[in-house]
1. Regarding segment 1-144, what's the average projected area of the Cα-atom convex hull, expressed in nm²?
2. How long are the semi-axes of the equivalent ellipsoid of segment 136-268, defined as square roots of 5 times the Cα gyration tensor eigenvalues? Whole Å, largest first.
3. Treat each spin label as a single point 7 Å out from the Cα along the C-beta direction, and report the Gln157 to Asp263 distance in nm.
4. Working only with C-alpha atoms, what are the Rg and Dmax values of segment 336-401, expressed in angstrom?
5. Can I get the semi-axes of segment 180-249's equivalent ellipsoid? Compute them from the C-alpha gyration tensor as square roots of 5 times the eigenvalues, in angstrom, largest first.
6. Give the angle, between 0 and 90 degrees and rounded to the nearest 10, that separates the Cα long axis of helix 191-204 from the longest principal axis of the Cα atoms of the chain.
7. Report the calculated FRET efficiency for Lys383 and Lys42 (r = Cβ-Cβ distance, R0 = 30 Å), to the nearest 0.05.
8. Among His401, Tyr12, Gly300, whose Cα sits farthest toward the positive end of the charge dipole of the chain (+1 at Cβ of Lys/Arg, -1 at Cβ of Asp/Glu, about the Cα centre)?
Amino acid sequence: MWAYNSVFYQIYPIGFCGAPYANDGICVSRILKIGEWADYLKELGVDAILLNPIFASDNHGYDTRDFRTIDCRLGTNKDFADVCRILHEHDIRIVLDGVFNHVGRGFWAFRDVQEKKWDSPYKDWFHISFDGNSCYNDGFWYEGWEGHYELVKLNLQNSTVTDYLLDCVRGWIEEFDIDGLRLDVAYSLDHNFMRSLRHFTNELKPDFALIGEVLFGDYNLIANDEMLHSCTNYECYKGIYSSFNSMNMFEIAHSLHRQYGPDPWCIYRGKHLMNFVDNHDVTRLASILTNKEHIRPAYGLLMGMPGIPCLYYGSEWGEEGTKAPDNDYALRPCFDTPKPNELTEFIEKLIAIRQSSDGLCNGNYRNVVLTNHQLIFERASEKERILVAINASSDHYTAYHGDLNGTATELLSGNAITLNGQFDMAPYSVNYLKF
C-alpha cells in the first residue's frame with residue numbers, strides 16, 4: 001500500500017481557501033488555490049494530500065448537502081478536477097474526506113422527508129420516528145450524530161443508502177481520479193459498510209487507501225485486512241505533546257512499545273497508523289507545547305516513529321492556533337501564500353530522510369535508552385537499522401548503551417561518527433543514526 005511509505009499534508013479547504021463559514025450560494029473558484037501550492041508541497045517533500053470536506057454543505061463541510069457536487073464556495077467540479085490533475089503531475093496523491101455517517105439538514109434526501117413526511121421514499125435513509133418531534137419542529141424525530149441535530153445520521157444498514165454512497169465514491173474516482181478516503185468518525189460507522197467499501201474500492205482501484213478517524217478503543221477493530229488500511233493514532237498524538245509538556249518521555253515510549261514493540265502482547269505490529277501532532281480538530285502544536293524549543297524534537301519524533309506521518313497546513317512553519325470551546329475557526333485559517341522558515345527547512349530534511357528510509361517507513365520498533373528527558377529507539381528492517389535520538393532537555397546529555405557501538409551516519413547532518421557505547425546529545429536535539 002503506497003500510503004504506508006508516504007508523508008501526508010492535511011488541508012481544511014473551506015478555511016484554507018478563505019471561504020465564508022456559511023454557504024452563501026455564490027460560486028467562487030477558490031479551490032484552485034490548492035493547485036497553486038503544488039510546487040511548494042513538492043519542494044516540502046510530501047507525496048499525499050488529505051483534504052477535509054469539499055462537497056456541497058450547509059456550513060463547515062461535515063453537514064453535506066450533495067455528495068456529487070463541489071461546494072460552490074470552493075468552485076466547480078471542473079475546478080477540482082484541474083487541481084487533482086496538477087497535484088498528480090507533481091506526484092502528489094489525493095485523499096478526500098468521506099463523510100458517510102451523517103449529512104446536513106440541507107441534504108436533498110432529508111429535505112424530501114421534511115416536505116413529504118411518511119410519503120417520502122427516503123424516510124428510511126435516516127433513523128426517524130414520526131411519533132416525536134425534533135428541536136427544529138420538523139414534525140418528526142430523527143437521530144443526530146452524538147446529539148448534534150444539525151448532523152442527521154444516515155441509516156447505513158439500508159442497502160439503498162450504501163449503494164448510493166458507493167456510487168458517489170465511484171464518481172469521485174472516475175471524475176477526479178482520487179487515491180483514497182479518510183473516513184470521518186469511522187468509530188461510528190457500520191462495520192459491514194466499511195467491509196463493502198473496502199471490497200468496492202479494491203475492485204475499482206486496487207491501491208485505493210482507506211484511513212479512518214478513530215479517537216479511542218482498539219484500532220484493530222477497523223484497521224484490518226477486511227476494512228480499513230489505517231486509522232488515526234490519537235493515543236500517540238496525546239503522548240507526543242504530553243511527554244514534552246510533562247518532561248516525561250516514558251509516556252510516549254510506553255505507547256510506542258505497547259503498539260509496536262517486540263513483545264508478543266504488543267498490539268499493532270505490522271500496521272501503519274496515521275500519526276500527527278495537530279489537525280483541524282485540535283490545538284496546534286506551537287500553541288499546545290509549553291516550551292517552543294520542543295517543536296523540533298516533536299517533529300523528529302513524528303517522522304521517526306512507526307506509522308504514516310501527517311502534517312497540518314501551516315504548522316510546518318510554526319503557526320499557532322488554539323481550539324475554542326464553541327468553534328474551530330482559529331485552527332482553520334486562510335494563508336495567502338506559504339510562509340516557510342527555518343522550521344520548514346528542518347521538517348523538509350526530516351521528510352527527505354524518511355522518504356528514503358525503509359527502516360523508518362517499515363522497520364520494527366524497540367526502546368533503547370529511556371529517561372524522563374531522553375528517548376532513543378531503534379527502527380530496524382531487513383535493509384537498514386536506524387536509531388532515533390530525542391533530547392527534550394535544555395542540557396547536554398550523554399547516553400550509554402551497548403547498542404551505541406559502531407560506525408554510523410548522522411542523517412540530518414550527513415556526518416559519519418564512531419560510537420563506543422555512548423552518544424552525546426545536544427539540548428533539544430534530534431538525531432537519526434544510521435548503522
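1. Result: 10.1 nm².
2. They are 32, 22, 13 Å, listed from largest to smallest.
3. 3.9
4. Rg and Dmax of segment 336-401, Cα atoms, are 14.8, 49 Å.
5. 29, 12, 9
6. Long axis of 191-204 versus the principal axis of the chain: about 80 degrees.
7. Efficiency, from the Cβ-Cβ distance: 0.70.
8. His401
The values are calculated or read from the model by the stated rules, or taken from the named source; none is laboratory data. All figures in this text were calculated on a predicted structure; none of them were measured in a lab. Glycine gets a Cβ as well: all are built from the backbone with ideal geometry, and neighbour counts include every protein chain shown. Just so you know, the surface numbers come from the protein's heavy atoms only, side chains and all, with ligands and any DNA or RNA stripped out. Shrake-Rupley method; radii C 1.70, N 1.55, O 1.52, S 1.80 Å.
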